[in-house]
Amino acid sequence: MIDLHCHILPGVDDGAQTLEDSIAMAHAAVAEGITHILVTPHHNNGRYFNKREDIIDKMKALQLEFEERQIPLTLFPGQEVRITGELIESIQKGDIQFVDEEQQYLLIEFPTMTIPQFSEELFFQLNKSKITPIIVHPERNQVFIDNPDRLGTFIERGALAQLTAGSYLGYFGKKIEKISKQMVEANLIHIIASDAHNVTTRTFHLKEAYAKLEKNVGIEKVAVYKQHAKDLINGETISPFPISKVKKHKFLGLF
Ligand code: FE
């Protein structure tokens, strides 16, 4: 399995704090059957700033530690980029690490509560430069939770979306579990990733999420999700499923 969103680099953000933390995460990943991880430290989110070249250096150092310990896990450089008005400039400066070597795919994080007004225009500019933004965990953004069809508009214009394994499993609460399911059903999701930060409160759960998805939406769709992860890291084009509107279920007085 490939994990395209993971805070396994030590001491760079709110993920692994020490090398020991990273090693523990690596063992947990391998135990689930994960073979490749895109390391994706937070960048420019107001708290953490991790430029491309720093990520590459630290990733290489961590890969060596894994080799010394014979941990069968291959790392690739990535970045979880907070959406800001300076993104294009940061790309031009070389601070941004893409998912793939060809620099086509980019993991973009929205703030928790809002979608900045400049987002549509920024995505338009990215598309013009042949860059496809992958919106990370839209199921945890309040605007998308309230109006998932808003995510549909971004997808229709060429963006992709990554669902976090733990969200689908209910580790972020019932509401996020429900919206995750709806987003999957409406084909608003293209890849599943762990967004693991540690081995306690926010571990991988990737195997478990794929198992639940297999039960709910079938083995074929799970195979497509896994293939997408591979394709994105390899810089290949993917052909997403046609999206549909999210059905608004009425609560039946259960809550
Ligand atoms: Fe993350």
For residue 26, state whether it is modelled with pLDDT of 95 or more, open to solvent by less than 10 Å² (accessible area, probe 1.4 Å), away from the ligand (no atom under 15 Å from the Cβ) and under 20 Å from the mean Cα position of the chain (by Cα). yes
All conditions in (1) under 20 Å from the mean Cα position of the chain (by Cα); (2) away from the ligand (no atom under 16 Å from the Cβ); (3) not hydrophobic (A, V, I, L, M, F, W, C) are true of residue 41 except (2)
Any residue that is closer than 25 Å to residue 115 by Cβ and without any contact (Cβ under 8 Å) to a residue 24 or more places away in the chain - is there at least one of those in region 227-246? no
Does any residue of region 143-160 turn out to be of a type in the set (S, T, N, Q) and under 30 Å from residue 32 (Cα atoms)? no
Taking residue 158 as meeting all but one of (1) touching a residue at least 60 places away in the same chain (Cβ under 8 Å); (2) in contact with a strand residue (DSSP E or B) (Cβ under 9 Å, 6 or more places away or on another chain); (3) loosely packed, with under 15 Cβ neighbours inside 10 Å, write down the number of the exception. (1)
Can you pull out the residues in region 79-92 that are part of a loop (DSSP other than H, G, I, E, B) and open to solvent by less than 50 Å² (accessible area, probe 1.4 Å)? 79, 83, 84
Here the qualifying pairs (Cβ atoms under 8 Å; residues six or more apart or on different chains; first in region 172-197 and at positive phi and open to solvent by less than 30 Å² (accessible area, probe 1.4 Å); second within 16 Å of the ligand (Cβ to nearest atom) and not basic (Lys, Arg)) come out as 195/5; 195/6; 195/7; 195/136; 195/137; 195/164; 195/165; 195/166
Subset of region 93-118 [surrounded by 13 or more Cβ atoms within 10 Å (Cβ to Cβ), among the polar types (S, T, N, Q) and closer than 21 Å to residue 48 by Cα]: 97
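Does region 117-127 include one or more residues that are within 15 Å of the ligand (Cβ to nearest atom) and modelled with pLDDT of 95 or more?
Looking through region 117-127, none of the residues is within 15 Å of the ligand (Cβ to nearest atom) and modelled with pLDDT of 95 or more.
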Have a look at 103, 97 and point out the one that is under 16 Å from residue 6 (Cα atoms), assigned to a loop (DSSP other than H, G, I, E, B), touching a helix residue (DSSP H, G or I) at 6+ places or on another chain (Cβ under 9 Å) and of a type outside the set (Asp, Glu). 97
So, in region 29-38, of the ones that are crowded, with 18+ Cβ neighbours inside 10 Å and outside any loop (DSSP other than H, G, I, E, B), which residue ends up nearest to the ligand (Cβ to nearest atom)? 38
Scope region 44-57; condition more than 16 Å from the ligand (Cβ to nearest atom) and not in a loop (DSSP other than H, G, I, E, B); matching residues: 52, 53, 54, 56, 57
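Report yes if residue 74 is among the β-branched types (Val, Ile, Thr), away from the ligand (no atom under 16 Å from the Cβ), modelled with pLDDT of 95 or more and under 19 Å from residue 6 (Cα atoms), otherwise no. Quick ask: steps written out before the conclusion?
Values: among the β-branched types (Val, Ile, Thr): yes; away from the ligand (no atom under 16 Å from the Cβ): yes; modelled with pLDDT of 95 or more: yes; under 19 Å from residue 6 (Cα atoms): yes.
When the stated conditions are applied, residue 74 passes them.
The values are calculated or read from the model by the stated rules, or taken from the named source; none is laboratory data. What you see is a predicted model; the values in this text were computed from it and never measured. Reconstructed Cβ throughout: ideal geometry from the backbone, glycine too, with neighbour counts over all protein chains shown. Accessible surface is based on the protein model in full, side chains and every heavy atom, while ligands, DNA and RNA are left aside. Shrake-Rupley method; radii C 1.70, N 1.55, O 1.52, S 1.80 Å.
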